[in-house]
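Just below is one structure, and these are the notes that go with it.
Please treat every number below as a calculation from the coordinates, not as lab data. It should be emphasised that the depicted structure is a prediction, and the values quoted were computed from it without experimental measurement. As a convention, Cβ positions derive from the backbone with ideal geometry for all residues, glycine included, and neighbour counts pool all protein chains shown.
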Amino acid sequence: VKLVLFGAPGCGKGTQAKELKDKYQLDIISLGDILRQEVQKKSELGQQVQGYMAKGALVPDEIVAKVLEVNLADDNFVLEGYPRTYEQALHLDKILKKRNLDLDYFIYLDVSAQTVVNRLQLRRVCRKCGAIFHLKNMPPKVEDRCDYCSGELMQRDDDKPQVIRQRLEVFNKQSNPIVDFYKDKGKLFAVDANAEKDEVFARIVRYLDKE
Ligand SMILES: [Zn+2]
């Protein structure tokens, strides 16, 4: 089965991707990871990617698409972190068509701004070692102290409510055309992802197993 997992920052994509991988024996293809791996391999593509990153520039869509193309499994995958724009959705479509493949489902983890704010504002990061905690789901053993190095825990600016809301606005603007694109193709499965992660996973499984 070939899936895209899509949703706003804080929607739980990473967690759901792992669960899907285990249940359906899928490759997780996370765009961030494959870009980093390509750079580490020092492949020709990786060196191009590195060049843009070193300048602090965005890696152009064409190059990102090539990295995806060489790393995309033919059969069973869950793709995460891509597409993020309508143009990237078109790139993905082209890559799959070239191999006579088609996406099975575009799973949209739909969360409200309030849910994301509630989840992310409880996140804490260690100033010293960068370990991540969550005051509700993964609290530190000692208040405000890192379990690993006893460093002080802090809240990242990115996780403050006002910044979260701004990031969500940007996300929504870019996501509408992508969601419509897959809806028109009949691939869209939008799942209410405001619930606890196990319940969200159960909803996805029910849908996939029914089809
Ligand atoms: Zn630490």
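Do any GluC sites (Glu not before Pro) in the range 74-147 lie in a loop, going by DSSP, with at most 10 other beta-carbon atoms within 10 Å of their beta carbon, and if so which? Spell out each step's value before the answer.
Working: sites: Glu80, Glu87, Glu143; in loops: Glu143.
Of the GluC sites (Glu not before Pro), the ones in loops of the range 74-147 whose Cβ has at most 10 other Cβ atoms within 10 Å are Glu143.
In nm², what is the average projected area of the convex hull enclosing the Cα atoms of the range 59-101?
Seen from a random direction, the Cα hull of the range 59-101 projects 2.9 nm² on average.
Shape call for the range 30-80 from the C-alpha gyration tensor, a ≥ b ≥ c root eigenvalues: rounded (a/c under 1.5), prolate (a/b greater than b/c) or oblate?
Here the range 30-80 falls in the prolate category.
What fraction of the DSSP beta bridges in the chain is antiparallel, stated in percent and rounded to the nearest 5? Walk me through the numbers on the way to the answer.
Working: 7 of 25 bridges.
Antiparallel: roughly 30 percent of the beta bridges in the chain.
Could you tell me what % of all Cα pairs in the chain have separations over 21 Å?
Values: 13390 of 22155 pairs.
Looking at the chain, the distances longer than 21 Å represent 60 percent of pairs.
For the range 20-120, report the convex hull volume of the alpha-carbon atoms normalised per residue, in Å³, without decimals.
Output value, Cα hull per residue: 142 Å³.
Based only on other Cβ atoms within 10 Å, what is the fewest-to-most ordering of Tyr82, Tyr52?
Tyr52, Tyr82
Comparing Lys136, Lys187, Lys160, which has the greatest mean-square fluctuation in the GNM of the chain with Cα pairs linked when under 10 Å apart?
Comparing Lys136, Lys187, Lys160 in the GNM, the peak value goes to Lys136.
Find the eigenvalues of the gyration tensor of the Cα atoms of the range 148-197, then list the square roots of 5 times those eigenvalues as equivalent ellipsoid semi-axes, largest first, in whole angstrom.
So the equivalent ellipsoid measures 33, 16, 9 Å along its semi-axes.
With the chain treated as a Gaussian network of Cα nodes joined by springs under 10 Å, which of Leu168, Leu90, Leu120 yields the largest mean-square fluctuation?
Taking springs between Cα atoms under 10 Å, the residue moving most is Leu90.
Could you tell me how far the Cα centroid of the range 71-102 sits from the Cα centroid of the range 147-190, in Å?
21 Å
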